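Structure first, then comments.
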Amino acid sequence: MQFIVEKSDEKSSARAGVITTDHGKIQTPIFMPVGTLGAVKAIHMYDLKDEVKAQIILGNTYHLYLRPGMGVIEAAGGLHQFNGWDRPILTDSGGFQVFSLSNTRKIKPDEGVWFQSHIDGSRHLFSPEKVIDIQRTIGSDIMMAFDECPPYPCTYEYARKSLDITLGWLDRCWKHFHETEPKYGHSQALFPIVQGSTYKDLRTKSVEHIVKLDSEGVAIGGIAVGEPTDMMYEMADHCCQILPKDKPRYLMGVGTPANILENIALGVDMFDCVMPARDGRHGLLFTWDGIMNMKNEKWKADFTPLDASSDLTADRIYTRAYLRHLYTAGEMLGPMIGTIHNLHFYLQLVTTARQKILEGTFTEWKNLMVPKLSTRL
RNA sequence: GGGGGAGUCGCAUAGCGGCAAUUGCAACAGACUGUAAAUCUGUCCUCUUCGGAGUUCGGUGGUUCGAGUCCACCCUCCCCCA
């Protein structure tokens, strides 16, 4: 994997770059649709490529390990072969699941995490080594280190201990990463994850530890877990300022369109979030003018297209009234249109941000867009 | 003409002396940030300063401290027999 910065913005920390993987190039800043179980919900891979123009998608170690299981993935020849997506894939390590399924987990720093499957209650151990092995089997282009994602709010003491565990696990991941080989002939990178909750000194400690590894990219985790938005920006800003400039920075799990533009300005290169897909399924559409709740009565007889000037087919051929009808009638096509619309919009958002960075007009554009993007229509 | 059954907040249902009244659907609104989410929550008789207040269960009377629930008559609908 390679990363080059093409252009840095003068009025902010934003940058436009290119990541090169064995499955193709990724132009940054980029948004990565989430495909937890090897599928981005409610959308075909060919629409994801040709209509949404996604350049990279996510998969999830925890979920794929439980279903269909590594036997099937390995027999298929890796996730790319299994699901038909031939562009880059990034896999989350399961660290977030350790956090979100915390009622069935037991953290043992020396081993890893014992957890119960949310599907059948069976007990499993995730260790840093095992998580690397699983991601080798999945064959993702970018693998993530196994971390613990502390909740918010979180005491300093808990955050400190949690970070020590995460850093210990990171060293084991890193060691095992170098002791193992890719299985399918393409190279794989491993990204460490900065933790430290909302405490700057812990974030600094985390970054300093990670920088020594000289990894091909770095992720910022433990953000957008319920803290105020300003605090999210403050933490992202703090991390970006002390992270190396020549490595891509991935802000995990963020966010709203406004969040994404603000974090691009702070120097973030990669984003993933379930929001566009989930909200799209639930009837909330993101547009350049703001947010539309398509279930609302006000669209009942609005026969204008979602967006007549869009390059997305669905935006041009379907009207607001029709989409509202699909959602209220419980037709599957509604969530499908919502999904493709939102993901396409998110990709347009980061692509446009990239253009503005290259043109040198990013900051002005961003400041104009942020209030609009949050407006409720 | 005779016999039997039923009328509850948009629709459908529960209710068998203490009820503004069950549940489902529909409707309306909200939530959703490394996906246990095609999910979840709220409102859903009227008014409300969210503490309450006022009117309700086909209609009219009655019994009772108290009636959607019991009684009488009336209206409407359904089923069976002629």
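Being among the polar types (S, T, N, Q) and closer than 30 Å to A:Phe82 by Cα: is that true of A:Gln241 here? The answer is no for A:Gln241. Please determine, by comparing only the residues of the range A:143-175 that are outside any helix (DSSP H, G or I) and surrounded by fewer than 22 Cβ atoms within 10 Å (Cβ to Cβ), which one is farthest from RNA strand B (Cβ to nearest atom). The extreme case among them is A:Thr155. Where helices (runs of 4 or more DSSP H) fall entirely within the range A:311-372, those with at least 1 residues that are within 14 Å of RNA strand B (Cβ to nearest atom), under 23 Å from the mean Cα position of the chain (by Cα) and touching a residue at least 60 places away in the same chain (Cβ under 8 Å) are at A:333-359. If you go through the range A:88-102 and keep only what is assigned to a helix (DSSP H, G or I) and more than 8 Å from RNA strand B (Cβ to nearest atom), you end up with A:Val98, A:Ser102.
In summary, A:Ile73 fulfils each of the numbered conditions (1) over 23 Å from A:Pro276 (Cβ atoms); (2) modelled with pLDDT under 95 with the single exception of condition (2). Scanning the range A:7-56 for residues that are within 30 Å of A:Met336 (Cα to Cα) and of a type in the set (Lys, Arg) gives A:Lys25, A:Lys41, A:Lys49, A:Lys53.
Number of residues in the range A:103-142 that are in a strand (DSSP E or B), touching a Lys or Arg at 6+ places or on another chain (Cβ under 8 Å) and away from RNA strand B (no atom under 13 Å from the Cβ): the value is 2. Scanning the range A:274-297 for residues that are surrounded by 24 or more Cβ atoms within 10 Å (Cβ to Cβ) and within 6 Å of RNA strand B (Cβ to nearest atom) returns a single hit, A:Ala277. A:Asp47 satisfies every condition listed in (1) acidic (Asp, Glu); (2) under 27 Å from A:Cys149 (Cα atoms); (3) surrounded by fewer than 24 Cβ atoms within 10 Å (Cβ to Cβ); (4) within 16 Å of RNA strand B (Cβ to nearest atom) except (2). Of all residues in the range A:131-156, those that are farther than 16 Å from A:Thr36 by Cβ and free of Cβ contacts under 8 Å to residues at least 60 places away in the same chain have Cβ atoms under 8 Å from Cβ atoms of residues that are away from RNA strand B (no atom under 12 Å from the Cβ) and among the acidic types (Asp, Glu), 6 or more apart or on another chain, in A:Arg136/A:Glu181.
The values are calculated or read from the model by the stated rules, or taken from the named source; none is laboratory data. Because the structure is a prediction, the values reported are computed rather than measured. As a convention, Cβ positions derive from the backbone with ideal geometry for all residues, glycine included, and neighbour counts pool all protein chains shown.
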